[in-house]
Amino acid sequence: MPLLAANSCLKNFIQVKSNVLSHKVCDSLIAEYENEEWTSSKTMDNLSDFRSSKQICTFDKKYMNNEKRIELDNLIYNAINPLILDYANQFDNFLKIERDTGYILLKYEKGNKYEEHIDDAGRIIYDSNGTIDKDSITKRKITLCLALNDNYEGGGLSFFNNTYKPKWRKGDALLFPSFAMFPHQALAVTNGIRYSLVTWVE
């Protein structure tokens, strides 16, 4: 039964799909990019104390520079595209989707976190030259996160003022709506390093 046809609570729209990527692929992704230059993750308002992780945008041409990376990109797409379509179909055709935004690898080291936020930009943002930040007008509909490891302590995603923390492990995907009714946070890692991959569906 589609979710909209049922009298569902919000957490039912936060769904874990198990074993989306094999452990071998997860390990390959981390190993492939580990020695690249990771940049500090930013927020729309550039609040550095609000978010303290590092990232690599794998779709950047400077990273998509060998056959191994192209193969990994295709593996990810083939694994998650059916999940996205299935998830969108639960909304009784009210959720129209076009594409994902590309894949971002995230690295959360000890103490790194991302305080509670939503993923759909709430306003249009301009840079110092008066140019619109194109990311601020992107209409994110679905957030999809992939867990690439689970050999760390702390961390993970938590929703609704830290009242709901879904259980997901290495290779699992987490999907949820990107809009205002789904505030969430990446909890601080207390030991080790947490790696994940995220994309949004427009």
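The values are calculated or read from the model by the stated rules, or taken from the named source; none is laboratory data. Since we're looking at a predicted model, the values are computed, not measured. In this analysis, Cβ positions are derived from the backbone assuming ideal geometry, glycine residues included, and neighbour counts consider all displayed protein chains.
Looking at THR199, THR190 in this structure, which one is outside any loop (DSSP other than H, G, I, E, B) and either closer than 22 Å to TYR103 by Cα or modelled with pLDDT under 95 (or both)?
Values: THR190 fails: either closer than 22 Å to TYR103 by Cα or modelled with pLDDT under 95 (or both).
None of the others qualify; the one that does is THR199.
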Worksheet entry | All positions within the stretch 112-152 that are at pLDDT 95 or above and surrounded by fewer than 11 Cβ atoms within 10 Å (Cβ to Cβ) | ASN151
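Looking at ASP133, ASP100, ASP127, which one is among the charged types (D, E, K, R), out of contact with any Lys or Arg (no Cβ under 7 Å at 6 or more places or on another chain) and without any contact (Cβ under 8 Å) to a residue 12 or more places away in the chain? Steps first, please.
Values: ASP133 fails: without any contact (Cβ under 8 Å) to a residue 12 or more places away in the chain; ASP100 fails: without any contact (Cβ under 8 Å) to a residue 12 or more places away in the chain.
ASP127 is the lone residue from the list that is among the charged types (D, E, K, R), out of contact with any Lys or Arg (no Cβ under 7 Å at 6 or more places or on another chain) and without any contact (Cβ under 8 Å) to a residue 12 or more places away in the chain.
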Worksheet entry | Whichever residue in the stretch 179-198 is surrounded by fewer than 22 Cβ atoms within 10 Å (Cβ to Cβ) and not hydrophobic (A, V, I, L, M, F, W, C) and, among such residues, is nearest to the chain's Cα centre (by Cα) | GLN185
Response to the item:
Among the residues of the stretch 22-52, the number that are surrounded by 14 or more Cβ atoms within 10 Å (Cβ to Cβ) and modelled with pLDDT of 95 or more is 10
Fill in: Those residues of the stretch 26-60 which are without any contact (Cβ under 8 Å) to a residue 40 or more places away in the chain and assigned to a loop (DSSP other than H, G, I, E, B), in sequence order
GLU34, ASN35, GLU36, GLU37, LYS42, ASN46, LEU47, SER48, ASP49, ASP60
Discussion item. Condition (residue is more than 30 Å from GLU153 (Cα to Cα) and either among the acidic types (Asp, Glu) or touching a residue at least 40 places away in the same chain (Cβ under 8 Å) (or both)) applied to the stretch 107-117: is it met by at least one residue?
Written reply: no
Practice prompt. Mind listing whichever residues of the stretch 61-70 are surrounded by 13 or more Cβ atoms within 10 Å (Cβ to Cβ) and in a helix (DSSP H, G or I)?
Written response: ARG69
